[in-house]
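The values are calculated or read from the model by the stated rules, or taken from the named source; none is laboratory data. Here the structure is a predicted model, which means the values were calculated and not measured. Please note: Cβ atoms are built from the backbone with ideal geometry, for glycine as well, and neighbour counts cover all protein chains shown. Side chains included, ligands, DNA and RNA excluded: accessible areas come from the protein's heavy atoms. Shrake-Rupley method; radii C 1.70, N 1.55, O 1.52, S 1.80 Å.
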Amino acid sequence: MNDDYYELLGVSRDASTEEIKKAYRKLARTLHPDVNPDPEAAEKFKKVSQAYETLSHSDKRRQYDMGGGPGTGGGGGFGGFGGGAGFDVNDIFDMFAGAAGMRGGRGQGPVPRQRRGGDVLRRVRIDLRDVVFGTEEEVTFRTAEQCERCDGSCCEPGTSPTRCTACNGSGHVQRVAQSLLGQMVTMAPCPTCEGHGDVIESPCTSCSGHGRTPAERTVTVKVPSGVENGTRIQLRGQGEVGEAGGPSGDLFIELAVVDHEMFDRDGEDLVTTMAVPMTSAALGATIPLETFDGNQDIDVKPGAQPGDEITLKGLGVTPLRRERRGDIRVVLDVDVPTTLSEQERELLEQFAALRGDETTRRKGHGPFSKLRDRLRDL
């Protein structure tokens, strides 16, 4: 009773009713027990609430300015929200960032029935050839389509939703409860219309009032060249249709590149290993290689060594958003025979002798055979 109400609200004595209301709302955002559990804050909130109740009412303010105290009929504390003319009971909900917390996080109006449809993920296997040139794939999947009977309205044809009488179309109802700090008024979604503000009395018999029905859909997906294993392609609006005519979700296509029997991918290049006979590596040869662009001749130069690379320009992968293709890299693997016929051995020994390769000797003509021959002559 000894507190200065103007000082509590932080306004001057000639402040307008709107200024007083604005000051009170600012203080309530920090002092209300729902946002500030400090007992001292709760006590101060009771005082500023009583100050606001008094100063927002012209008669009570006049009586207070004349030294008559806060007057009667207002109900002290912060249970006196209904006693003063000019105090809107909804003010308490407007204090906290649009009253999202006290209105169930839905704002002040009714909740729309329309909801965005879910996203759909499908995995598609493609070949390495498709990575090189790009391709188109048809993807079939189960999803939800807009109900043909009600066109997404959720109502039987010829009917429409009716205004909810329980909440008068607002989508929310007030609830009053007593607490230790006084009377509390909160807002909650209307249980009759579930916060929508209207009621569907005749739901569509085809979709049971959801505005969509299960369906199977086939979509053609364009796969660009240069994609990687695990790449996801997003098709906006190609997923599930939303409820009650809401926007559709997206379709995601995840690509799985199947291993190729001949080529491995290395960035923009294709790499393969070619087995070359020992004689071809020594003498040189032209060996055909089957590529994604048809057969290509691989020119093996005389004296080729294991691990040598031969490059075919422009026959690799076309990277995403670029036109220049990578290369094919052919790694040579010289094939050394593991078994030889007697004639092949003779020829190789003659070749070794011509080259002076002393390490290659015919069986039975090594240093131990010579020693054996000498011992036989004794």
> Between Asn168 and Glu7, what FRET efficiency comes out of the Förster formula 1/(1 + (r/R0)^6) with R0 = 56 Å and r the beta carbon distance, rounded to 0.05?
Replying inline: 0.90
> Measuring from centroid to centroid over Cα atoms, what is the spacing of region 5-48 and region 308-361 in Å?
Replying inline: 90
>> Leaving out ligands and nucleic acids, and using a 1.4 Å probe, what accessible area per residue does region 193-268 come to in Å²?
In response: 52
> At a 1.4 Å probe, what is the % contribution of carbon and sulfur to the accessible area of region 164-229?
Replying inline: 48
>> If you count only protein heavy atoms and use a 1.4 Å probe, how large is the accessible surface of Arg61, to the nearest 10 Å²?
In response: 40
>> Taking the solvent-accessible surface of protein heavy atoms with a 1.4 Å probe, what is the per residue accessible area of region 128-169 in Å²?
In response: 57
> Whose amide H sits under 5 Å from the amide H of Val300, counting only residues 5 or more places off or on another chain, with H placed in the peptide plane?
Replying inline: Ala285, Thr286, Ile287
